[in-house]
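Undergrad: Got a structure for you, written out below as structure tokens; questions coming shortly.
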Amino acid sequence: MFVLYETPAGYAIFKLLDEKKLEQVDNLYLEFETPEKANKLLKLKHFEKFNDTTEALAAATAAVEGKVAKPLKKTLKKLLVDEVQSSLLVADAKLGTAIKEKLSVQCVYNTGVQELMRCIRQQADSLLGGLPKREMTAMALGLAHSLSRYKLKFSPDKIDTMIVQAQCLLDDLDKELNNYMMRAREWYGWHFPELGKLITDNVAFVKTIKLVGTRDNMSAADLSDILPEDVEQQVKEAAEISMGTEISDEDVLNIQCLCDEIISINDYRTHLYDYLKARMMAMAPNLSVLVGDTVGARLIAHAGSLINLAKHPSSTVQILGAEKALFRALKTKKDTPKYGLIYHAQLVGQASQKNKGKMSRSLAAKASLATRVDAFGEEATFELGATHKVKLESRLRLLEEGNLRKLSGTGKAKAKFEKYQSKSEVFTYGAEADNTLHAKKRKHSEIETPVKEEAHDEETVAAPADEESELKSEKKKKKKKKQQDEEAPAEAEQADQAEPTPSKKKKKSKHQE
């Protein structure tokens with residue numbers, strides 16, 4: 001049984017003299033307490049030294065990627081070609097799989113092998129023998145620096161960094177362009193204030209100032225390449241009757257220099273946007289098709305990288321960029337925001353105000369899937385994004401019409417909605433309830449006392465039968481009460497008619513006397 005031990009200086013292959021010691025994992029460190037004990041258990045079979053740092057870097061890169069380097073392949077062929085039944089202990093499972101596929105050698109990787117590698121690392125100086133410790137340290141440092149440079153140079157996040165930087169620069173350029181344009185309009189407005197209202201396009205406004213200069217030259221200038229004919233005619237007419245102040249040639253020169261800066265920044269912005277669009281289509285085609293190049297780049301920039309964005313759930317993607325509003329809503333116990341950066345996507349912008357939340361939720365779910373395909377998928381195509389965009393457009397159409405349809409799942413394709421009709425409930429006033437006659441008071445003996453029903457201990461009586469009997473008894477009580485309420489006024493009238501008043505009795509008695 002052989003042991004493959006990788007060092008910064010080269011590959012070391014040891015022969016394990018006592019295989020039974022490997023089974024005692026907990027006590028294995030005792031066999032490596034001293035160099036003498038370690039040499040009794042392991043014997044150096046061969047050491048393949050690297051010629052330079054480049055070869056060491058290639059071997060380390062191959063080991064990281066799970067591949068077999070050429071020096072290791074040649075060494076293993078020489079040593080293991082005769083011993084067919086021998087096995088090889090390796091520290092990396094991916095490397096062991098690659099060796100098994102290439103050379104058909106049985107590779108072993110388990111916890112016992114890991115503990116053995118730790119013990120070998122403790123006594124590496126004594127086991128290798130020929131290499132001084134200072135040289136080994138220098139080679140390890142050189143290999144670490146080379147490997148770091150290689151990873152930084154060929155990092156998969158490098159293109160993400162370019163997208164993030166380009167998007168941030170694009171936002172900065174937009175802010176600067178707005179500031180410069182406001183300054184140019186305000187500055188030239190002192191001389192020709194009517195021009196700002198006639199020309200709303202910023203680039204056309206700047207180019208007109210650059211070409212004409214003062215308003216006196218406006219009538220003789222040819223602005224057909226910059227402005228439409230009707231706008232050009234209005235500008236020339238306004239220049240003749242302008243209320244602006246006069247400015248010197250030096251002032252016009254400085255304003256034209258500012259216009260040159262604005263035109264150059266605008267041209268660079270156009271070039272940068274084309275670069276960002278090409279990068280986004282190469283790096284995240286599905287996300288670009290779904291939400292657009294600018295919104296996709298802003299989502300990636302906010303998350304840090306495409307891989308970080310792919311790790312976010314769709315609920316996080318939906319409110320990405322609205323963190324302040326989210327935590328403020330949680331703190332004040334109010335409604336949380338429905339959208340963040342994704343609000344600027346075309347599909348959300350097309351929806352009405354009441355459907356923006358639903359569209360942002362659906363778009364975030366599909367954008368999350370598209371991002372994962374772009375980040376971890378092997379083929380860079382935009383078929384998934386185009387398919388989901390068609391589905392989202394159909395959903396938006398149905399939402400605007402007032403219908404709903406499930407995009408996925410096993411539910412019904414279309415939900416039926418009945419037209420809502422308001423039902424007016426008119427309550428009529430019961431005139432019978434008005435009663436000016438006082439009902440006759442009943443005696444205590446006439447009041448019916450509720451009879452308590454004796455509990456039945458029989459288990460055969462079912463619960464539904466008791467409920468039915470209770471309902472019947474309640475109905476009977478209500479009928480009796482209603483009959484009594486109806487009979488009470490009639491009895492009161494009869495009683496009033498039958499009994500004479502006390503004043504009449506007194507009069508009769510006096511008359512008799």
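The values are calculated or read from the model by the stated rules, or taken from the named source; none is laboratory data. Note that this is a predicted model, so its numbers are computed, not measured. We place every Cβ from the backbone using ideal geometry, glycine too, and count neighbours over all the protein chains shown. With ligands, DNA and RNA removed, areas are computed over all heavy atoms of the protein, side chains included. Shrake-Rupley method; radii C 1.70, N 1.55, O 1.52, S 1.80 Å.
Undergrad: Pick from V373, V390: which is without any contact (Cβ under 8 Å) to a residue 24 or more places away in the chain, among the aliphatic types (A, V, I, L, M) and part of a helix (DSSP H, G or I)? Break it down stepwise before answering.
TA: Values: V373 fails: without any contact (Cβ under 8 Å) to a residue 24 or more places away in the chain.
None of the other options fit; the residue is V390.
Undergrad: Moving on to the next point. Please go through region 296-313 and give me each residue that is open to solvent by less than 10 Å² (accessible area, probe 1.4 Å) and β-branched (V, I, T), ordered by number.
TA: Selection gives I300 alone.
Undergrad: Hey, any hits in region 30-44 for a residue that's assigned by the TED database to the domain that holds R121, modelled with pLDDT of 80 or more, at negative phi and within 49 Å of the chain's Cα centre (by Cα)?
TA: Step one: filter region 30-44 for residues assigned by the TED database to the domain that holds R121, giving 30-44.
Right, trim to modelled with pLDDT of 80 or more and you get 30-44.
Restricting the remaining residues to those that are at negative phi gives 30-44.
Checking the rest, the ones that are also within 49 Å of the chain's Cα centre (by Cα) come to none.
No, region 30-44 has no match at all.
Undergrad: Moving on to the next point. Please go through region 54-70 and pick out each residue that is out of contact with any strand residue (DSSP E or B) (no Cβ under 7 Å at 6 or more places or on another chain) and either surrounded by 15 or more Cβ atoms within 10 Å (Cβ to Cβ) or of a type in the set (K, R) (or both).
TA: E55, A56, L57, A58, A59, A60, T61, A62, K67, V68, A69, K70
Undergrad: Take region 105-139 and flag every residue that is closer than 18 Å to L79 by Cα and open to solvent by less than 30 Å² (accessible area, probe 1.4 Å).
TA: V105, L128
Undergrad: Same structure again: Output the residue which, of all residues in region 83-104 that are among the β-branched types (V, I, T) and open to solvent by less than 20 Å² (accessible area, probe 1.4 Å), is nearest to F14 (Cα to Cα).
TA: V90
Undergrad: Quick one: count up the residues across region 327-346 that are surrounded by fewer than 16 Cβ atoms within 10 Å (Cβ to Cβ) and either part of a helix (DSSP H, G or I) or among the basic types (K, R) (or both).
TA: Residues in region 327-346 being surrounded by fewer than 16 Cβ atoms within 10 Å (Cβ to Cβ) and either part of a helix (DSSP H, G or I) or among the basic types (K, R) (or both): 10 in total.
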